[in-house]
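Comments concern the structure below.
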Amino acid sequence: MDSAEVVILLQATDFSDWSSLNDTIMGGRSRAGCRVTPEGLLLEGELIEAGGGFVSCRSPRLQPPLDLSPFSALQLEVEGEGRTLKIALGCRDGALGLTELIPGGLRWVIDVPTQAEGVTRVRIPFVDLRPTVRAKPVGLPLRFDSAGVTRIQVLHSKFSDGGELNPGFRAGTIRLLIRSIRALP
């Protein structure tokens, strides 16, 4: 693969295996689902802050893992209603898979603001991703493995990538459209 080219990983109906994961797994009451449309992956529902405060769409566990080593970043095209979203990637951990035993798993995350209207093109450099477990930063000397991406998730959460409150969080009706995900050189 030529590392100088942009590669479309997902667009339109390519998201067909994605599913929603919401705060109900930890006692929250948010209700949101994702479905494929001709324009991309649509996440819509009701986000309730009390008792949780997140809704998301995520890929299935990628087997074999996605090799993004020729690339330096991802790019999402999303209609995000002016919300600050969290992008979370799972990857092989180089610790004999031990981080997969952590409830909720280790995720590499970054917050991304979106425009109030229209499509926002968001660049996610791999070097800016921060390791977290359940919205709490991890202080261990871990390395993101771009050659072994095992999951991609897009969330709207009351917590930011650093664990503090997300200033771009809004409870209530939510409608996010993920148009595409590309790998950038």
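The values are calculated or read from the model by the stated rules, or taken from the named source; none is laboratory data. Everything numeric in this text was worked out from a predicted model, so none of it was measured. Because the Cβ atoms are built from the backbone with ideal geometry, glycine has one as well, and the counts that use them run over all protein chains shown. These area figures cover heavy atoms from the full protein model, side chains too; ligands, DNA and RNA do not enter into them. Shrake-Rupley method; radii C 1.70, N 1.55, O 1.52, S 1.80 Å.
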Q. Given H placed on each backbone N at 1.01 Å, which residues far from Ser72 in sequence or on other chains put an amide H within less than 5 Å of it?
A. Leu184
(Q) Counting heavy atoms of the protein chains only and a 1.4 Å probe, report the per residue accessible area for the chain as a whole number of Å². (A) 48 Å²
Q.
Can you list residues from other chains, or at least 5 along the same chain, whose modelled amide H is less than 5 Å from the amide H of Ala32?
A. Glu46
Q) Okay, which of segment 152-185 sit inside 19 Å, backbone N to the point 7 Å along the Cα-Cβ direction of Glu49? A) 155-175
Q. Taking a probe of 1.4 angstrom, what is the accessible area of Asp67 in Å², to the nearest 10?
A. 80 Å²
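Using only Cα atoms, figure out Rg for segment 133-185 and give it as a multiple of 2.2 N^0.38 Å. List each step's numbers first, then the result.
Values: Rg = 14.3 Å, N = 53, 2.2 N^0.38 = 9.9 Å.
Relative to the rule-of-thumb radius for its length, segment 133-185 sits at 1.43.
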Q.
Name the residue from Val138, Gly172, Phe159 whose Cα lies farthest towards the positive end of the charge dipole of segment 106-185, charges +1 on Cβ of Lys and Arg and -1 on Cβ of Asp and Glu.
A. Gly172
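Using the Cβ atoms and a cut-off under 12 Å, what net charge is assigned to the surroundings of Ala73, where Lys and Arg are +1 and Asp and Glu are -1?
Details: positive: Arg121, Arg123, Arg182; negative: Asp128.
Overall, the nearby charge balance is +2.
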